[in-house]
Every structure is written in structure tokens, then in C-alpha cells.
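Worksheet for the structure shown next.
Throughout, read-outs are computed from the coordinates displayed, never taken from laboratory work. Fair warning: this is a prediction, and the values are worked out from it, not measured in the lab. Cβ: placed from backbone, ideal geometry, glycine included. Neighbour counts: every protein chain shown.
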Amino acid sequence: MRVLYGIQGTGNGHLSRSHTLATYLNQQPIHVDYLISGRRNSGLFDMGVFGAYQSREGLSFVTENGALRRRKTLAANNWKQFYKDVKALDVTHYDLVITDYEPVSAWAAKRAGVRSIGLGRQYAFWEPELYKTLSLWQRQMIKQFAPCSTPVGMHWLECGNAIPPVVREPDNGCKGGLAQRVIVYLPFEDPKVIINALYPLDDYEFSVFHPKLTRCSYGHIECFAPSRQQFSEQFSRASAVISNAGFETSCEALREGKSLIIKPLTGQFEQQKNAEILERKGLATVMKSVSCVSIERALQDRQSAHIQWPNVAKHLANWIADGAKESVRDLSKRLWGL
């Protein structure tokens with residue numbers, strides 16, 4: 001069995017989830033090729049599990065100061081190259097295409113009539129309960145950006161046919177962390193704004209991860225470039241997580257029972273919806289902006305929640321290796337029942 005696995009590279013959540021699943025897929029008696037788009041190779045890290053992966057320019061989005069810029073996004077993407085890449089990608093020799101919201105592989109599979117599985121958070125919005133909350137253009141975005149023939153969405157709680165999240169296994173058994181240590185991962189915000197907001201809060205110790213930072217220290221603030229290993233080490237020591245409203249980081253925090261504080265990316269409807277759901281369910285504290293006052297208030301008001309999910313990656317790898325014969329409905333029921 002030959003599988004092409006396309007991964008959207010714009011956010012580390014897609015890569016982190018796929019990294020976890022790839023570890024189990026690579027143990028199966030199937031051949032998996034990986035394709036990554038949406039980020040330059042120079043911005044990728046810890047990619048060994050994907051082997052000799054392919055890369056394409058794909059589609060990405062432009063952010064400035066914690067906000068999505070739609071017009072700049074439309075202008076920045078090379079739509080002609082995207083069309084050429086879709087047309088040139090031959091997927092007819094694959095039995096299955098998996099797309100973690102990766103548009104080149106998704107559209108190539110649709111064009112060739114090859115079965116494709118849409119795997120990830122975005123496909124949960126295909127479920128009626130969440131789909132009805134979207135506007136017309138949001139529905140078009142969810143359906144058309146990376147289409148698939150078999151959607152397998154992920155959600156924190158049972159919702160239609162969505163399955164529990166794929167979350168990387170912790171490197172150690174440390175839960176809770178030190179009360180005053182906080183990990184901060186806000187990759188779409190200005191790092192200077194983040195550090196300036198944190199600097200007066202010297203009752204806390206912060207570990208800040210950002211793609212524009214290198215290893216340095218400002219007293220009670222330690223800065224890191226993105227790294228799976230270092231993030232895991234600092235994550236285990238923290239009692240609270242401050243992040244944008246992406247899916248993967250929130251899952252890791254909830255799985256470990258850490259307080260979750262989120263600031264959704266302005267103008268990005270998926271993150272806005274995630275924030276609304278997490279706040280309504282009492283799973284996170286939402287900040288409107290990155291400021292000293294907002295962060296201090298959120299840390300004072302924080303609460304923690306602990307959700308246990310099964311090892312979804314292991315079960316998904318088995319399901320894929322078996323040809324994904326079991327219906328998504330039955331797969332969902334089985335995983336939520338574990």
C-alpha cells in the first residue's frame with residue numbers, strides 16, 4: 001500500500017500532529033511519502049521522521065502584529081505556481097492520499113479521483129454542529145482550501161463523527177509543573193510586544209518560544225527558538241500555557257492538566273471559533289490582546305482542566321494501514337469509547 005501524506009507547514013500544530021502520527025505510520029507495513037507546503041525548508045525543524053519529504057510552495061497566510069491580513073495574503077500567494085504544482089503532482093500511483101489541510105496534495109487527489117482523507121482540526125468544522133456556526137465564506141474556505149473525500153476531523157470533546165486529537169506522548173510523567181513557571185508560545189505576535197508585556201511580571205518565570213527569537217535571557221524571561229525537544233522540556237516544568245488558539249498546543253495543555261490562556265489570531269476564524277468553544281466549555285481563559293494587564297489578569301484568574309484521550313495516533317496508523325475500511329463514524333465511536 002502506497003500513501004502520500006500532505007502536511008500544511010504554516011503552523012507548527014499541523015507538523016507536530018503529523019510528526020506524532022508519522023512515528024506510528026513508519027512502523028506499519030506500508031510505504032508513506034510525505035509532502036510539506038506553506039513554509040520554506042529553512043524554517044522547518046526536527047524533520048527526520050518524514051524522511052526524504054517533498055516540498056512545495058503551497059498556500060500560506062500573512063500576519064502582522066497578531067492579526068491575519070487578508071489582502072496581503074491574497075497578494076502574497078503565488079496562485080499560478082500553486083496551479084502548476086497541483087497539475088504536476090502525479091498521485092495516480094498512490095492507493096490513498098492523506099492531507100492535514102495541505103492544499104497541493106488535496107487538490108491533486110481530487111483532480112485525479114484518488115481517495116483522500118482529510119485529517120486534522122479543520123475537518124471537524126465539516127460536522128453539522130460546528131458547520132452551522134460558520135458564515136458563508138467560512139464554509140467555502142473550509143470546504144475548498146484542502147478538499148477531501150473522507151473527512152476525519154478532531155475535537156476536544158465528542159462532536160458528531162470527529163475523533164479525539166492526536167497528541168504527542170509526553171517525554172516524562174511530570175504534570176502540573178511549577179506554580180509560577182509559564183510557557184509562552186505566540187508565534188503570530190511581535191516578540192518585542194510579548195517580552196515587554198512579560199517584563200514587569202517578575203513574580204513569574206516565563207519560557208518564551210518564537211520563530212524570531214534565539215536563545216537568550218531577560219532575567220525571569222527565557223527565550224527559545226522553536227524546538228520540539230526544548231519545548232517539551234520547558235512544557236513539563238510549567239503550570240500554565242499562554243498560546244494562540246491553535247488546536248495542538250491547547251490539546252497538550254489540557255492533556256497535562258495545565259492552565260490554558262489563549263489569544264486567538266485576529267481575523268483567523270478557526271482560532272476565533274476555537275477560543276469561543278474553549279472559553280464556553282471552561283477549558284481556557286481568553287485574552288483580547290497581548291499586554292501586561294491582560295496577561296496578569298489571566299494568570300490570576302486561571303483555572304486548569306484535565307482531559308484524558310487514548311493514544312489516537314497508534315489507532316489511526318492501524319486504521320490507515322488496514323486501508324481505512326472502518327467507517328469514520330465507527331472509528332469515532334471506538335476511539336471515544338477507549
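I need the peptides 5-13, 265-273, 21-29 ranked by packing, meaning the mean over residues of other C-beta atoms within 10 angstrom, with the highest value on top. Walk me through the numbers before you get to the answer.
Working: 5-13: 25.1, 265-273: 19.0, 21-29: 16.8.
Output ranking for 5-13, 265-273, 21-29: 5-13, 265-273, 21-29.
With springs only between Cα atoms under 10 Å, which of Asp301, Asp33, Asp85 fluctuates most in a Gaussian network model of the chain?
In the Gaussian network model the winner is Asp301.
Label points 7 Å out from Cα along the Cβ direction at Glu64 and Val293: separation in nm?
Result for the modelled spin labels: 2.5 nm.
Among the listed pairs Lys281/Lys333; Lys258/Lys281; Lys87/Lys110, which are separated by more than 18 Å between their Cα atoms?
Check vs 18 Å cut-off fails for Lys281/Lys333.
Within a Cβ distance under 10 Å of Gly6, other residues only, what is the Lys/Arg minus Asp/Glu net charge? Spell out each step's value before the answer.
Values: positive: Arg56; negative: Asp33, Asp100, Glu102.
After counting each charged neighbour, the total is -2.
By its C-alpha gyration tensor, with a ≥ b ≥ c as the square roots of the eigenvalues, how is segment 110-163 shaped: rounded for a/c under 1.5, else prolate for a/b larger than b/c, else oblate? Before the final figure, lay out the partial values.
Numbers: a/c = 2.64, a/b = 1.28, b/c = 2.06.
It comes out oblate by the Cα gyration axes.
Counting only DSSP beta bridges with both residues in segment 181-233, what percent are antiparallel, rounded to the nearest 5? Intermediate results must be reported in sequence, preceding the final value.
Numbers: 3 of 12 bridges.
Antiparallel bridges make up about 25 percent of those DSSP assigns within segment 181-233.
What FRET efficiency, computed as 1/(1 + (r/R0)^6) with R0 = 25 Å and r the Cβ-Cβ distance, is obtained for Ala76 and Ile307, rounded to the nearest 0.05?
Efficiency computed from Cβ-Cβ geometry: 0.10.
Just to be sure I understand: of the beta bridges DSSP finds with both ends in the chain, what percent are antiparallel, rounded to 5? All intermediate terms of the calculation are to be shown ahead of the outcome.
Details: 5 of 49 bridges.
Looking only at bridges with both residues in the chain, the antiparallel portion is about 10 percent.
Which order do the peptides 126-138, 143-155, 233-245, 216-228 come out in when sorted by mean C-beta neighbours inside 10 angstrom, highest first?
Details: 126-138: 13.0, 143-155: 19.2, 233-245: 22.3, 216-228: 15.2.
So the peptides 126-138, 143-155, 233-245, 216-228, ranked by packing, come out 233-245, 143-155, 216-228, 126-138.
Using a Gaussian network model of the chain whose springs link C-alpha atoms within less than 10 Å, name the residue from Leu316, Leu260, Leu213 with the highest mean-square fluctuation.
Leu213
Going by amide H atoms built from the backbone, whose H comes under 5 Å of the H on Ile98, apart from near neighbours?
Answer set, sorted by chain and number: Leu4, Tyr5, Gly6, Ile117.
Based on the mean of other beta carbon atoms within 10 Å per residue, what is the order of 159-170, 197-208, most packed first?
Working: 159-170: 20.6, 197-208: 17.8.
Result, highest mean first: 159-170, 197-208.
Nearest 0.05, what FRET efficiency do His93 and Trp137 give at R0 = 35 Å with Cβ-Cβ as r? Intermediate results must be reported in sequence, preceding the final value.
Numbers: r = 36 Å, r/R0 = 1.02.
E(calc), rounded to 0.05, equals 0.45.
With all pairs of different alpha carbon atoms counted, what Kirkwood hydrodynamic radius in Å does segment 263-338 show? Each step should come with its number before you reach the end.
Working: mean 1/r = 0.0647 Å⁻¹.
Taking every pair of different Cα atoms in segment 263-338, averaging 1/r and inverting gives 15.5 Å.
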